[in-house]
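J.: Pasting a structure here, questions to come.
The values are calculated or read from the model by the stated rules, or taken from the named source; none is laboratory data. Predicted model only: the values in this text are computed from it and were never measured. So basically every Cβ, Gly included, is an ideal-geometry build from the backbone, and we count neighbours across all protein chains shown. Please note that ligands, DNA and RNA were not included when accessible areas were found on the heavy atoms of the full protein model with its side chains. Shrake-Rupley method; radii C 1.70, N 1.55, O 1.52, S 1.80 Å.
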Amino acid sequence: MGPDEESWRDRRTAAAEEHAATLARRRAAEEAQARQQLDAFVQTARDRGLQTAALRARAFSGRSTYRTGLTGWYLKRNGSLGVDTDGRFYVLSTPTSLRSRLSGAVVEPSDPPLIVGVGGRDGESMPLADLLALRLDAGDDWPPAR
């Protein structure tokens, strides 16, 4: 391998690393902005006296729901997304499990997106800010997950 090939490979490696770093910075900035929106949502929901609910996770099969030990607000009417009282964002789905049926499911918080549902079916994505505004506008007229 000649010096030109090594130089080219080094430049490509450096460009790829810079691209990855740029994407990571952008993702971190978007996540921070989404967390601010969730914090504002929680504060507004408390100020308005929106009732919290015991959040349940739906099994991937869609047939069952499981207790999670989380309290907060569902963000979508189908119960697939939620935010707890500390402002953490959750995708409320879990594998089917006898253990979860008996003792509840463990659902970890997710990094909140600025656009919810990206990569889903057409018409299912929307800005997080719009979703939060819809939820606040609905008040307590928001069906719990089944």
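J.: Just to verify a number: what accessible area does residue 61 come out at with the full protein assembly present, 1.4 Å probe, Å² rounded to tens?
T.: We get 70 Å² for residue 61.
J.: Here's a follow-up. Show 91, 83 ordered by accessible area, largest first, where the area counts protein heavy atoms only and the probe is 1.4 Å. Let's see the in-between values first.
T.: On the way: 91 65, 83 0 Å².
Ranked list, largest accessible area first: 91, 83.
J.: Also, I was wondering about something else. Quick one: ranking 17, 30 by accessible area, 1.4 Å probe, largest first, what do you get? Intermediate values should be presented prior to the final figure.
T.: Numbers: 17 120, 30 80 Å².
Largest accessible area first, the residues go 17, 30.
J.: Report the one residue of 44, 65, 85 whose Cα lies farthest in the direction of the positive end of the charge dipole of segment 28-87 (charges on C-beta: Lys and Arg +1, Asp and Glu -1; origin at the Cα centre).
T.: Value: 65.
J.: Turning to a different aspect of this structure: Can you give the helix-only mean residue ellipticity at 222 nm for the chain, where every DSSP H stretch with n ≥ 4 adds -39500 (n - 2.57) and the sum goes over all residues, rounded to the nearest 500 deg cm²/dmol?
T.: Numbers: 3 runs with 63 residues, N = 146.
Taken over the chain, the calculation gives -15000 deg cm²/dmol.
J.: Tell me which residues come under 5 Å, amide H to amide H, from residue 70 once H is placed; ignore anything under 5 positions away on its chain.
T.: 55
J.: Once amide H atoms are placed 1.01 Å from N in the peptide plane, what residues at a sequence separation of 5 or more from residue 116, or on another chain, have their amide H within under 5 Å of its amide H?
T.: 126, 128
J.: Multiplying the sequence separation of residue 12 and residue 63 by 0.36 nm and subtracting their Cα-Cα distance, what value in nm do you get?
T.: Details: separation 51, 0.36 × 51 = 18.36 nm, distance 4.88 nm.
Going from the current span to full extension adds 13.5 nm.
J.: Of the candidates 45, 28, 129, which one comes out as most mobile in a Gaussian network treatment of the chain with C-alpha springs shorter than 10 Å?
T.: 28
J.: Round to a whole number: what % of the accessible area of the chain belongs to carbon and sulfur, probe 1.4 Å?
T.: Values: 4680 of 9310 Å².
The computed percentage sits at 50.
J.: Under a point-charge model restricted to the Cβ atoms of Lys and Arg (+1) and Asp and Glu (-1), what is the dipole moment magnitude of segment 1-129 relative to its Cα centre, in debye to the nearest 20? If you can, show how the numbers build up before the last one.
T.: Numbers: 19 positive and 16 negative charges, 205 e Å.
Dipole about the Cα centre, nearest 20: 980 debye.
J.: Follow-up. Ordering 142, 73 by how much accessible area each has at a 1.4 Å probe, largest first, what is the list? Each step should come with its number before you reach the end.
T.: On the way: 142 40, 73 5 Å².
Sorted descending by solvent-accessible area, the residues read 142, 73.
J.: Under the classification rounded if a/c is under 1.5, otherwise prolate if a/b is larger than b/c and oblate if not, where does segment 8-63 fall, given a ≥ b ≥ c as square roots of the Cα gyration tensor eigenvalues? Before the final figure, lay out each step's value.
T.: On the way: a/c = 9.23, a/b = 2.04, b/c = 4.53.
Verdict is oblate for segment 8-63.
J.: Provide the gained length on full extension for the span residue 54 to residue 114, in nm with one decimal, where the gain is 0.36 nm per separating residue minus the Cα-Cα distance. Kindly include the intermediate steps, with their values, before the conclusion.
T.: Values: separation 60, 0.36 × 60 = 21.60 nm, distance 2.47 nm.
Full extension of this stretch gives 19.1 nm more.
J.: Same structure again: Collect residues whose amide H, placed 1.01 Å from N in the peptide plane, falls under 5 Å from the amide H of residue 64; neighbours closer than 5 in sequence don't count.
T.: Close amide H contacts, sequence-distant or interchain: 59.
J.: From Cα pairs below 8 angstrom and at least 6 apart in sequence, can you work out the relative contact order of the chain, rounded to a whole percent?
T.: Working: 204 pairs, mean separation 32.1, N = 146.
Averaging sequence separation for qualifying contacts and normalising by length gives 22 percent for the chain.
J.: Also, I was wondering about something else. Give me the three principal axis extents of the chain from the C-alpha atoms, as integers in angstrom, largest value leading.
T.: 68, 38, 29
J.: Once phi is turned into θ = phi - 60°, what whole-Hz ³J(HN,Hα) does the Karplus curve with 6.51, -1.76 and 1.60 give for every residue of segment 83-91, x standing for Gly and Pro?
T.: 9, 8, 5, 9, x, 8, 8, 10, 9
J.: Taking the chain as a Gaussian network, Cα atoms linked when under 10 Å apart, which of 22, 68, 96 shows the biggest mean-square fluctuation?
T.: Ranking 22, 68, 96 by mean-square fluctuation puts 22 first.
J.: Lys/Arg Cβ at +1, Asp/Glu Cβ at -1, dipole of the chain taken about the Cα centre: which of 132, 117, 97 is farthest positive-ward?
T.: 97
J.: Which of 23, 55, 38 moves the most in a Gaussian network model of the chain with Cα springs under 10 Å?
T.: Ranking 23, 55, 38 by mean-square fluctuation puts 23 first.
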